[in-house]
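A.B. asks: I'd like to ask some things about the structure below.
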Amino acid sequence: MKRITLVSGGNVSTNPRLVSAADALHAAGHVIRVVALDAVPENAGRDEAVMRTRRWRLDRVNLRHGDLVGTATRAVAILAQTLSRQPERMISRYVGALTRAAAAEPADVVLGYTFGALPAAVRAAEQLGAMAGFDIEDLHAGEMPDEPQYAAAQHRAADVERRYLPRCRTLTAASDGIADAVAATYGVPRPFVVLNTFPLTERPVTPPAPRARPSLYWYSAVIGTDRGIEDALGAVARLEMPVELHLRGSIERSYAAHLEAEATRRGIAGRLFLWPQASPPDLVALAAQHDIGLALEVGDTRSRKVAVTNKLLVYLLAGIAVAATNIPGQRAIMDEAPGAGFLYRPGDVAALAAGLGRLLGDPKVLAQAKAAARAAGERRFNWETDAPRLVQYLEEAWR
């Protein structure tokens, strides 16, 4: 049995990989403490919802506006970031606060989740004489376009990875492409791949009643630009049937107004629906209410090309058909889910519309795609498959 502290650079409700790992390690008999930021007011309720069914402990670093402690912690962090030239401070101004919180109690292992938590987890582990580990959800030094204006930020991210990844006893990654790139770039052992899968138990017991109109679904933490959403609007406008497009996530008012104006301009007003961000335990059930899940990643950065987003895996587990862009990370998953949907070239609105039309134009074809997706979710893409693999990898590394 180990005392394990998991560190998140954001709210716990925005970090499903950490929640899943904490659940698996707790179920394996370890003592789990999670340290996370309490920074975004609208996520506080979602944090509480996540923790209602958890037996492990959550300690939050108070950054709330209007709270004396939270305001003071923010002020100290901003001042430290302003005065320091450390790349760690540029990655996250709260490295110091997270390190102090993580190191405040003894631990045998400290695991970082999200890039901002990497330096904090490693520093806390070294202060405690513990083992460090990090989960690489994205190829962080490759998250920005390869353009001159992003060169300094890319260099900082690579510098942090180069400094801290070799100091980790364990490394996990969210896709094979990320694992290969990290090993080749930094000379560390290839990270152990753990996909962004979700528990089978989060599927609805019975399939939801069909909607009156065919329904497309896309979700993320944030609804924003460069996510392929405009392509989806264009594809819906090309379809002859009255298809609905549902988007879920936090969104700026200005961008929501832009999307609604675009829907009106394209003649599909009343068929675009914007929904608030959901907690991780609800993602699969919410996706299951629709017909086709959209994985619209444009692959405009090295990270996005090789990543496997959790939305793609949620769609399969939810048993809905999938329309995904043909980028390496997503292609690898769809190859393991034959018949579950189709791939198309990013930006090819005509191909997206044609693929959607084929699925929605024949109820039998759509039902077959949904069945194939559900079968892939049950066979491979679920947390019941990945959790034992993760626990075994970590426990063997800690011996």
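Rule-based calculations on the coordinates, nothing more; no lab input. Since we're looking at a predicted model, the values are computed, not measured. Neighbour counts are summed over all protein chains in view; Cβ atoms, including those assigned to glycine, are modelled from backbone coordinates with ideal geometry.
A.B. asks: What's the angle, to the nearest 10 degrees (0 to 90), between helix 229-238's Cα axis and the longest principal axis of the chain?
C.D. replies: 10 degrees
A.B. asks: Using alpha-carbon pairs under 8 Å, 6+ residues apart, how would you state the relative contact order of the chain in percent?
C.D. replies: 14 percent
A.B. asks: Here is a follow-up. Within a Cβ distance under 14 Å of A354, other residues only, what is the Lys/Arg minus Asp/Glu net charge?
C.D. replies: Every neighbour counted, the sum reads -1.
A.B. asks: How would you rank 174-180, 24-30, highest first, on the average number of other Cβ atoms within 10 Å across their residues?
C.D. replies: Going by the mean number of other Cβ atoms within 10 Å, highest first, we get 174-180, 24-30.
A.B. asks: Once Rh for the range 147-280 is found with the Kirkwood sum over Cα pairs, what is the Stokes-Einstein diffusion coefficient at 20 °C and 1.002 mPa s, in µm²/s?
C.D. replies: Calculated translational D: 115 µm²/s.
A.B. asks: Is the shape of the range 200-379 rounded, prolate or oblate, going by the alpha carbon gyration tensor and its root eigenvalues a ≥ b ≥ c, with a/c under 1.5 for rounded and a/b larger than b/c for prolate?
C.D. replies: The shape class here is rounded.
A.B. asks: Which of the GluC sites (Glu not before Pro) found in the range 210-284 are loop residues per DSSP with 15 or fewer other Cβ atoms within 10 Å of their Cβ?
C.D. replies: Listed in order of number, the matching sites are E240, E252.
A.B. asks: Between the helical axis of 68-83 and the dominant principal axis of the chain, each derived from Cα atoms, what acute angle in degrees is found, rounded to the nearest 10?
C.D. replies: Computed tilt is about 80 degrees.
A.B. asks: So what's the gap between the Cα centers of the range 301-357 and the range 235-291, to the nearest angstrom?
C.D. replies: 18 Å
A.B. asks: Does the range 162-216 come out rounded, prolate or oblate by the C-alpha gyration tensor, with a ≥ b ≥ c the root eigenvalues, rounded set by a/c under 1.5 and, if not, prolate when a/b is larger than b/c and oblate if not?
C.D. replies: Prolate, because a/c is 1.5 or more and a/b exceeds b/c.
A.B. asks: Once you've got the GNM for the chain with C-alpha springs shorter than 10 Å, pick whichever of R374, R253, R203 has the biggest mean-square fluctuation.
C.D. replies: R253
A.B. asks: Specify the residue with the greatest mean-square fluctuation among T71, T114, T53, computed from a Gaussian network of the chain linking alpha-carbon atoms under 10 Å apart.
C.D. replies: T53
A.B. asks: On a 0 to 90° scale, report how tilted helix 118-128 is relative to the longest principal axis of the chain, with both axes built from alpha carbons and the result rounded to the nearest 10.
C.D. replies: That works out to roughly 30 degrees.
A.B. asks: Cα gyration tensor of the range 299-351, axes a ≥ b ≥ c as square roots of the eigenvalues: rounded (a/c below 1.5), prolate (a/b > b/c) or oblate?
C.D. replies: oblate
A.B. asks: State the label only: which of (1) 1.01; (2) 1.14; (3) 0.97 corresponds to Rg/Rh (Cα atoms, Kirkwood Rh) computed from the shown model?
C.D. replies: Entry (3).
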